[in-house]
Amino acid sequence: MAKTQRIDKILSHMGYGTRKEIRYLCKDGMVLVDDKIVKDSSMHVNVEKSIIKVGEDVVNYREFVYILMNKPAGVISATEDTRHETVVDLLDMEYRGFEVFPVGRLDIDTEGFLLLTNDGQLAHKLLSPKKHVPKTYYAHVEGKVTETDIEAFRRGVTLDDGYETLPAELTILKSDDVSEIELIIYEGKFHQVKRMFEAVEKKVIYLKRIAMGKLKLDEDLELGEYRELLEEELQQLTE
Ligand code: URA
């Protein structure tokens, strides 16, 4: 967004309502720029220099938002869906004006680390197959996961459509009738983790993404909770 914008555009972007609603807010004397009431909602304001208030609220203007969500199972990683609740439906109204979208997809039954943003450039960087951004998953797998599987994943396995995966790092946390593992992959094919285990004749029964790049899922976030990333966390994503 340019530095100087119409006040109604700024406030609708920040989730204060439609342009029409903001016109009324202005008429009612609720909108202040540098402590002066702004009655005209078409007035231009420099978002970097001016302090904008709506009532007692100081508007924390930003062009982009970066939200880390602990995705619960049962919601779709999309902006809209006709049948299911989406991750965007879980966000408060204050984020609606930003038009965020999920960066990549987790299956409906997968939990964990999901980034939502309106920064298309960052999303592109994180999703580009050339960048090989690591994604770490924790899973429960039916059957004993063994050293042979570690070696197979290290070499790369052949998926059901013939695709040869890049080398991946498998760590066994528990090898039993139901095993517990961590897996780092450097690409993001459709259902990749589940299909990699199918390639070694095992079945993933629980899947959670726990990190992307160097950034780990915040364990304080309950399923369905989210928060904005701190500046340094944003950097860890692409390091
Ligand atoms: N791999 C999968 O199989 N599912 C996901 O949701 C993510 C990675």
Taking only the range 34-56 into account, find how many residues are over 18 Å from Lys20 (Cα atoms), assigned to a strand (DSSP E or B) and either open to solvent by 80 Å² or more (accessible area, probe 1.4 Å) or in the same structural domain as Asp119 (by TED's automatic domain parsing) (or both). 1
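Looking at Glu142, Glu111, Glu147, Glu99 in this structure, which one is away from the ligand (no atom under 16 Å from the Cβ), at negative phi and either in contact with a strand residue (DSSP E or B) (Cβ under 6 Å, 6 or more places away or on another chain) or not small (Gly, Ala, Ser) (or both)?
Values: Glu142 fails: away from the ligand (no atom under 16 Å from the Cβ); Glu111 fails: away from the ligand (no atom under 16 Å from the Cβ); Glu99 fails: at negative phi.
Going through Glu142, Glu111, Glu147, Glu99 in turn, the sole match is Glu147.
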Of all residues in the range 73-96 being aliphatic (A, V, I, L, M) and under 27 Å from Leu11 (Cα atoms), the one that is farthest from the ligand (Cβ to nearest atom): Met93
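The values are calculated or read from the model by the stated rules, or taken from the named source; none is laboratory data. As the structure is a prediction and not an experimental result, all values here were calculated from the model. Counting neighbours? That spans all protein chains shown, and the Cβs are built from the backbone with ideal geometry, glycine included. For the accessible areas, the whole protein counts, side chains as well, though only heavy atoms, and no ligand, DNA or RNA atoms are used. Shrake-Rupley method; radii C 1.70, N 1.55, O 1.52, S 1.80 Å.
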